[in-house]
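Undergrad: Got a structure for you, questions after.
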Amino acid sequence: MTISSHIRVVPHYPRNGIMFRDITTLLKDGSAFHNAIDQIVNRYRNVPIDKVAGIESRGFIIGAPVAIQLQKGFIPIRKQNKLPAETIGRDYQLEYGSDRIEIHVDAIQPGERILLVDDLIATGGTAEAAVGLIQDIGGAVVECCFVIDLPDVGGSSRLTNMGCKVFSLCMFPGE
């Protein structure tokens, strides 16, 4: 079963010229969703990881079941003002503006090894900010894991240039 065959393409969303890669078609197929989670879990089953961090919101959908199967804690990385306790945050640039993500200051103990998970890597701004937050509070990113990589947009290269390892279940070149 190929993961890419379960990804819907939505042309011109959220704006003209964008070919949006929609994982909801993967999520609604129980067998395909299970297969995607299993592929990720199998990759990290014997890798020393202390916690899994997921980026809001689709990173929660992928990261939480991975954390459960690996029997690790889960850390939500959320949009600004969504976490209830003390946080630190990072601003990042989007193609059409800027945004901010935050993490609880006590989410990670110094030296803990973190697997960062999200649904898609495109330009890499959000993932780069998430890596920075994890490092700011003393964590070490073991790898950045995505269901989808759009390699020609440059985000995976951006993370690699930061010294991060990057893995994805499928790629869509030229997007």
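Undergrad: If only one of A107, A36, A53 is assigned to a helix (DSSP H, G or I), crowded, with 16+ Cβ neighbours inside 10 Å and modelled with pLDDT of 95 or more, which one is it?
TA: A36
Undergrad: Also: Is it fair to say G17 is surrounded by fewer than 18 Cβ atoms within 10 Å (Cβ to Cβ), at positive phi and not polar (S, T, N, Q)? It would help to see each step written out before you state the result.
TA: On the way: surrounded by fewer than 18 Cβ atoms within 10 Å (Cβ to Cβ): yes; at positive phi: yes; not polar (S, T, N, Q): yes.
Spelling it out, G17 is indeed surrounded by fewer than 18 Cβ atoms within 10 Å (Cβ to Cβ), at positive phi and not polar (S, T, N, Q).
Undergrad: Checking the structure you have, find out if any residue of region 60-72 is at pLDDT 95 or above and part of a strand (DSSP E or B). Give the steps one after another, and end with the answer.
TA: Going through region 60-72, the residues at pLDDT 95 or above turn out to be 60-72.
Going one step further and asking which of them are part of a strand (DSSP E or B), we end up with none.
Looking through region 60-72, none of the residues is at pLDDT 95 or above and part of a strand (DSSP E or B).
Undergrad: Another question, if that's okay. Determine if region 138-148 includes at least one residue that is in contact with a Pro (Cβ under 8 Å, 6 or more places away or on another chain), part of a strand (DSSP E or B) and crowded, with 16+ Cβ neighbours inside 10 Å.
TA: Within region 138-148 (the criterion being in contact with a Pro (Cβ under 8 Å, 6 or more places away or on another chain), part of a strand (DSSP E or B) and crowded, with 16+ Cβ neighbours inside 10 Å), the answer is yes, since at least one residue qualifies.
The values are calculated or read from the model by the stated rules, or taken from the named source; none is laboratory data. Keep in mind that what you see is a predicted model, and the values were worked out from it rather than measured. Cβ sites come from the backbone with ideal geometry, for glycine too, and all protein chains shown count toward neighbours.
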